[in-house]
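The values are calculated or read from the model by the stated rules, or taken from the named source; none is laboratory data. These numbers come from a predicted model, not from an experiment. All Cβ positions, even for glycine, are placed from backbone atoms using ideal geometry, and neighbour counts span all protein chains on display.
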Amino acid sequence: MAQVMLKDLNKKYDEVHAVKDVNLHIRDKEFVVLVGPSGCGKSTTLRMVAGLEEITGGEIHIGDRMVNDLPPKDRDIAMVFQNYALYPHMTVYDNMAFGLKMRKFPKNEIEQRVRDAAQLLGIQELLKRKPRQLSGGQRQRVAVGRAIVRHPQVFLFDEPLSNLDAKLRVQMRVELKRLHDRLETTAIYVTHDQVEAMTLGDRVVVMKDGWIQQVGEPMELYSRPANKFVAGFIGSPAMNFVDVTINDAGGSITAETQGLRLTVPPAKAATLRAYKGQGVTLGVRPEDVHVATAADPAPYSFDTTVDVVEPLGSEILLDVRAGSATLVARVEPTVRVKVHESVRLAVNADRLHFFDVKNEHAI
Amino acid sequence: MKKPIAGGSATRVEVAVARPQASSRPQRPGLLENERVLAGVLLTPTVVLLGMFIAYPFVMGVWLALSSTSVGNPGQFVGLKNFVKAWNDSIFRTAFWNTCWYTGWATIFKLSLGMWLAILLNRNFRGKRLVRASMLLPFIIPTVLSTFAWRWMFDPTFSVLNWLLYRGGFIVNKLPFLSDGTYGLWCAIAVNTWRGMPFFAISLLAGLQTINPDLHEAASLDGANAWHRFWHVTWPLLKPVTLVVVVFSIIQTFSDFQLIYVLTGGGPANSTHLIATYAYQIGVATGLLGEGAAISLFMLPVLFVVVWLQLRYLRRLEGA
């Protein structure tokens, strides 16, 4: 059990600057998820913590030790790889016992630890099998088992669920969360799947192009994204973005584009007044758009034409057009609309987001 | 514009329609539609070639070994007389043990040096491709030519190796590279190793590249040092490739002819003969075709046992 500190961490390859000035304090027993599109530097960061990549600049501390120059085996960490990396010629038992054998644990303790881990993961009856005789989910469990028998200070997960089918992924996600609650070991988890990040992480680190974009608890990222990238990355379907112009319409501030005119809610009016006459990006999540009723105030309602209807059972996604803007709305499954029909929609005024056009920061 | 749900199934229907159209094309019944006939036609060229160039010479060899045939004399069946004679021949015994010695050491050197080279070449470095390609040079030069070059280097009078060793102050008297039987055989082993090592290195390198690098990373996180990683991860995973390469090499080295023929010609005083060169000397140079065939047939049981043992081991590895 230990905290992990990354200070001004940098990684440069010949031509690529993969990780840029990453500063992160992962608290003891915390489950932190690094998430971002491919090439954002999340895996490289993880591999630097593991000691599998050399550090170009900065410091990594695990517990109270600086580990920059320690080889992987001396960092007291365990890692679960994307393709599991199970030794194909060893049985499940030997795979799990290998790390302990290398560290010269007594035989009976190895046996005890492997059996305990196998029981915890429900793989007792697989111990004599070879990896190729296992299903994807079983291999995943063995890979996790190999990590937990070591009782490391930190667990590292490198996209461990991305090779599983969708159903199994959901199941393993829950199991990993349960396992972490039980083992209370610090964990760093890398994924490109924002749903995994949101559901697993105590805190989520969103990365892009080697930079950390935002660090926060899942709901904080969702409701108060720091910039347009985080806003678009977190949440599914993604947030709608519309380029609008800020106008001062006799006291109230409006955000307008052709065919769409919304009043800026009072809470944001003061800051947005500075953008008068300029363009900003309006962001609104599909779940914050609904079919307008009589109760919806006119400044937050607008007419649209339906382009596509996607019924998902529990909800319906409407791709609509409002003037030049296109939006996705997530509406109740009871809504009955057809393609090319017009429908009046409304937004939740207190959930509108505005982003600077130039630096894309939230306003 | 994308279409919801229904669009997907519509595409599937179109695909389903395409198939009956294809199968409704009129069929041409013909002789080749019959699988047995087709199989026969396809197999014939292979069977004819194998029969002409492998089966016939082999059967002929066995027949010759059991006969007293010599050049100009059709000969007659003499049973195992040729084999008994060969076994009682001291030169044959020397040749037999030479062959085992030569094969054994050359294979050990080729395997260990080839493995070392493969592991080196599996790393990332500048000019990797060029080095990998140039490593194959000894392998692509015709053996006879490269062996001639080696013979010059080992030449009793003009040996550049002796000159270097002498100039370097390592020796006082010239080494009798090819004029002494023991030295001669070791020289042959050295040349064979030089020539055969690239094949080992390239094959093992190919094997190494199929090993997922994640396994090494996992092992290093598991606390394994470089030697442990080789012994517990690389070697077990490389074993099937290694066995195949070793079997190949043993077969080729055990039946080696041209290297010894050019380098020492079996001399001095018949002390460096291998089975193949001695069989040639008796069968072709001396003209005793029956006896020569018998000598060369001594290779068969040895190679058979080697191949059988290793294939059995390989099958067990794969089945495990």
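Couple of notes before you dig in:
- Selection from region B:105-142 of residues that are surrounded by 10 or more Cβ atoms within 10 Å (Cβ to Cβ) and charged (D, E, K, R): B:Lys110, B:Lys128, B:Arg132
- Conditions (1) without any contact (Cβ under 8 Å) to a residue 40 or more places away in the chain; (2) within 19 Å of A:Leu6 (Cβ to Cβ); number of the one not met by A:Trp211: (1)
- Residues within region A:159-175 that are touching an Asp or Glu at 6+ places or on another chain (Cβ under 9 Å) and buried (at least 23 other Cβ atoms within 10 Å of the Cβ), tallied: 1
- A:Glu315 being touching a Lys or Arg at 6+ places or on another chain (Cβ under 6 Å) and either at pLDDT below 90 or within 28 Å of A:Pro266 (Cβ to Cβ) (or both): no
- Selection from region B:202-230 of residues that are small (Gly, Ala, Ser), away from chain A (no Cβ under 11 Å) and surrounded by 16 or more Cβ atoms within 10 Å (Cβ to Cβ): B:Ser203, B:Gly207
- Single match in B:Val245, B:Val233, B:Val241 (criterion: within 14 Å of another protein chain (Cβ to nearest Cβ), crowded, with 20+ Cβ neighbours inside 10 Å, at negative phi and assigned to a helix (DSSP H, G or I)): B:Val233
- Pairs where the first residue, in region B:293-320, is farther than 15 Å from B:Thr103 by Cα and the second is buried (at least 16 other Cβ atoms within 10 Å of the Cβ) and of a type in the set (Gly, Ala, Ser), C-beta under 6 Å, 6+ apart: B:Ala293/B:Gly61; B:Ala293/B:Ala65; B:Ala294/B:Ala65; B:Ala294/B:Ala86; B:Ile295/B:Ala86; B:Ile295/B:Ala279; B:Ser296/B:Ala279; B:Leu297/B:Ala65
- Filter result for the condition that a residue is surrounded by fewer than 19 Cβ atoms within 10 Å (Cβ to Cβ), among the hydroxyl-bearing types (Ser, Thr, Tyr) and not in a loop (DSSP other than H, G, I, E, B), over A:Thr305, A:Thr293: A:Thr305
- Of the residues B:Ala106, B:Ala86, the single one that is hydrophobic (A, V, I, L, M, F, W, C) and at pLDDT 90 or above is B:Ala106.
- Test set (1) basic (Lys, Arg); (2) without any contact (Cβ under 8 Å) to a residue 24 or more places away in the chain; (3) buried (at least 19 other Cβ atoms within 10 Å of the Cβ) - A:Lys228 fails condition number: (2)
- Among the conditions (1) part of a helix (DSSP H, G or I); (2) surrounded by fewer than 15 Cβ atoms within 10 Å (Cβ to Cβ), A:Val114 misses just one, which is (2).
- Of the residues making up region B:212-241, those that are in contact with a His (Cβ under 7 Å, 6 or more places away or on another chain) and either of a type outside the set (A, V, I, L, M) or under 19 Å from B:Ser112 (Cβ atoms) (or both) number 4.
- Count of residues meeting criterion [outside any strand (DSSP E or B), of a type outside the set (Ser, Thr, Tyr) and closer than 20 Å to A:Met239 by Cβ] in region A:308-331: 3
- Residue within region A:3-16 that is in a loop (DSSP other than H, G, I, E, B), in contact (Cβ under 8 Å) with a residue 12 or more places away in the chain and more than 10 Å from chain B (Cβ to nearest Cβ) present: yes
- Inclusion of B:Ala218 among residues that are of a type in the set (Gly, Ala, Ser) and not in a helix (DSSP H, G or I) is not warranted.
- Residue within region A:343-356 that is free of Cβ contacts under 8 Å to residues at least 60 places away in the same chain, assigned to a loop (DSSP other than H, G, I, E, B) and out of contact with any helix residue (DSSP H, G or I) (no Cβ under 8 Å at 6 or more places or on another chain) present: no
- A:Asn108 outside any helix (DSSP H, G or I) and of a type in the set (S, T, N, Q): no
- Residue match in region A:83-102 (condition: surrounded by 14 or more Cβ atoms within 10 Å (Cβ to Cβ), without any contact (Cβ under 8 Å) to a residue 40 or more places away in the chain and touching an Asp or Glu at 6+ places or on another chain (Cβ under 7 Å)): yes
- Total residues in region A:303-330, condition under 14 Å from A:Asn240 (Cβ atoms) and more than 14 Å from chain B (Cβ to nearest Cβ): 8
- A:Leu34 falls short of the stated requirement of being under 25 Å from A:Thr191 (Cα atoms), within 13 Å of chain B (Cβ to nearest Cβ) and touching a residue at least 24 places away in the same chain (Cβ under 8 Å).
- The set of residues in region A:85-136 that are away from every other protein chain (no Cβ under 11 Å) and of a type in the set (Val, Ile, Thr) comprises A:Val92, A:Ile110, A:Val114, A:Ile123.
- Filter pass, B:Phe248 being over 17 Å from A:Ala50 (Cβ atoms) and either at pLDDT 90 or above or of a type outside the set (Phe, Trp, Tyr) (or both): no
- Considering only residues in region A:45-77 that are more than 14 Å from chain B (Cβ to nearest Cβ) and either in contact with a helix residue (DSSP H, G or I) (Cβ under 7 Å, 6 or more places away or on another chain) or part of a loop (DSSP other than H, G, I, E, B) (or both), the one that is surrounded by the most Cβ atoms within 10 Å (Cβ to Cβ) turns out to be A:Ile60.
- Residue pairs meeting the criteria (Cβ under 8 Å; at least 6 apart or on separate chains; first closer than 21 Å to A:Val32 by Cβ, in region A:144-170; second in a loop (DSSP other than H, G, I, E, B) and among the hydrophobic types (A, V, I, L, M, F, W, C)): A:Gln153/A:Met1; A:Gln153/A:Ala2; A:Val154/A:Ala2; A:Asp158/A:Phe81; A:Pro160/A:Phe81; A:Arg169/A:Leu161
- Answer residue from region B:248-275, given it is of a type in the set (Gly, Ala, Ser) and farther than 15 Å from B:Trp105 by Cα and is surrounded by the fewest Cβ atoms within 10 Å (Cβ to Cβ) among those: B:Ala269
- Candidates in region B:166-201 are the residues that are touching a residue at least 40 places away in the same chain (Cβ under 8 Å) and in a loop (DSSP other than H, G, I, E, B); of these, the one that is surrounded by the most Cβ atoms within 10 Å (Cβ to Cβ) is B:Leu178.
- Candidates A:Arg182, A:Arg178, A:Arg150, A:Arg203 - the one that is in contact with a strand residue (DSSP E or B) (Cβ under 6 Å, 6 or more places away or on another chain) and either modelled with pLDDT under 90 or of a type in the set (Ser, Thr, Tyr) (or both): A:Arg150
- Hits in region B:68-93 (condition: buried (at least 20 other Cβ atoms within 10 Å of the Cβ) and in a helix (DSSP H, G or I)): B:Asn82, B:Ala86, B:Phe92
- A:Leu24 being assigned to a strand (DSSP E or B) and surrounded by 23 or more Cβ atoms within 10 Å (Cβ to Cβ): no
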